[in-house]
1. DSSP beta bridges in the chain, what fraction antiparallel, as a percent rounded to 5?
2. In a GNM of the chain with a 10 Å cut-off on Cα contacts, which of Asn370, Asn384, Asn74 has the highest mean-square fluctuation?
3. Modelled label-to-label distance, His19 and Met1, 7 Å Cα→beta-carbon offset: nm?
4. Run the numbers on the chain and let me know its relative contact order in percent, using alpha-carbon pairs under 8 Å that are six or more apart.
5. Using the Karplus curve 6.51 cos²θ - 1.76 cosθ + 1.60 with θ = phi - 60°, what ³J(HN,Hα) values do you get for each residue of segment 264-274, in whole Hz, with x for Gly and Pro?
6. Under a cut-off of 18 Å between alpha-carbon atoms, report the lysines in cross-link reach of Lys330, not counting same-chain residues fewer than 8 places apart.
7. Please identify which residues in segment 220-262 have an amide N closer than 17 Å to a label point set 7 Å out from the Cα of Arg287, following the Cα→Cβ vector.
8. For segment 101-219, what is the charge dipole size about the Cα centre, in debye to the nearest 20, if Lys and Arg each add +1 at the Cβ and Asp and Glu each add -1 at the Cβ?
Amino acid sequence: MSYIQEVLKKVEDRNRDEHEFLQAVEEVFYSLEPVIEKHPEYKETSVLERIAEPERQIIFRVPWVDDNGVVHVNRGFRVQFNGAIGPYKGGLRFHPSVYVGIIKFLGFEQIFKNSLTGLPIGGGKGGSDFNPKKKSDGEIRRFCESFMTELYRHIGPDVDVPAGDIGVGSREIGYLYGQYRRIRGAFKNGVITGKGLKYGGSLARKEATGYGLLYFVEEMLKANNNSIKGKVIAISGSGNVAIYACEKATELGAKVVAMSDSAGYIYHADGINLDTVKRLKEVERKRIKEYVKEHQGSKYHEGNVWEGKFKYDIALPCSTQNDIDMERAKNIIENGAIAVGEGANMPTSNDAIKFFLKKEILLAPAKAANAGGVATSALEMVQNSMRYSWSFEEVNNKLKDIMINIHKSACEASKEYGLGYNLVAGANIAGFKKVAEAMITQGIY
């Protein structure tokens, strides 16, 4: 049994039934085999064992009262995974599927994603099994206030800086920050990112993950003597990441023909009308199927978009983890895709990743390709510390430079260890080495 297999066995024994977390650790660790061989100091100082164990896990009760006066109790989480290169940084997810294994997988991925940005931020993640759907503004406010009443004691601008994720948008961030400010009695706007522009938010933050994904995919295609212009794209999801990935793809000359939500997907051969999708999802909060009532020639299908039979060049999974399994990966290739760009966190299963690489499909891994959101959150932290705001163009230009540099780092790391053009391994290696060296330098903790 190899050293990496031994460590994975220990991680599995300690974290049984946390399937998403174990999947994330396995995907990273197997990429690191050539690194461990070249750097015995990582084994000697047990860096793998330490990096797979969170520095701190916080689980707490969140009681709240609905509009009918009924008391409900949810569970809150914050996992501060690794702070070797900076304060913990990562979003809060409010979704009924949330449990400690989901938060740990997201926090583990965040370590390497944040490292790749080149900015001084460590990895963390949090959330709750609270479902914000079909809740009134009052119910969401009361839940957020209760959640922050416990979380506030564990976060701070130099300690841990949460942001939004699935189920946590500008409304929730506003309520969370308002409660933090009331408790602390101070305007510490660097403690949460994704804030409104009137109280310390950053321009381009809303667009950042989707835009960053396209900047990365654009670099990936360029590196392989190709272009995004004229390509046909399918996207899973219709939330923030998907919407702005669609917007930037269209700006770059591509045509998006499919988007989805949890119930089904729309296909529009002439190209998705993004204004309609934005209104349905961001303003009216309706299902994606309503799109076809307004656009002749479009069709709605129940089920997963990656099971659909239609032609496209690029697949952009922007919804949730494990959206693409082996069968869906095969279908994506049969539909003619030459590239996959991961906009969501871990949207592709490990066997599907191996299949894509074997078939020489260009694959932009999530921890690199969707790092634009956290990168711009870190830029928001910088602006907060300066009490200053950059223009949309300034933030967007910085974002693009960061994504280009992430691609370059992943590329160089892959080549250094004789892996050719493998961005999956390259991103893991580049992200890991920076954190590992910081951990060794700081001693055993």
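Derivation of every value follows stated rules applied to the coordinates shown; laboratory data play no part. What you are looking at is a predicted structure, and each value in this text was computed from that prediction instead of being measured. Positions of Cβ are backbone-derived with ideal geometry, glycine not excepted, and every protein chain shown enters the neighbour counts.
1. 50
2. Answer for the Gaussian network model of the chain: Asn74.
3. My value for the distance between the label points is 2.3 nm.
4. Once normalised by length, the contact order is 15 percent.
5. Ordered by residue, 3J(HN,Hα) equals x, 9, 9, 10, 9, 4, 7, x, 5, 8, 5 Hz.
6. Lys309, Lys311, Lys354, Lys358, Lys359
7. Residues passing the 17 Å test: 237-239, 259-262.
8. Working: 18 positive and 13 negative charges, 112 e Å.
Roughly 540 debye for segment 101-219.
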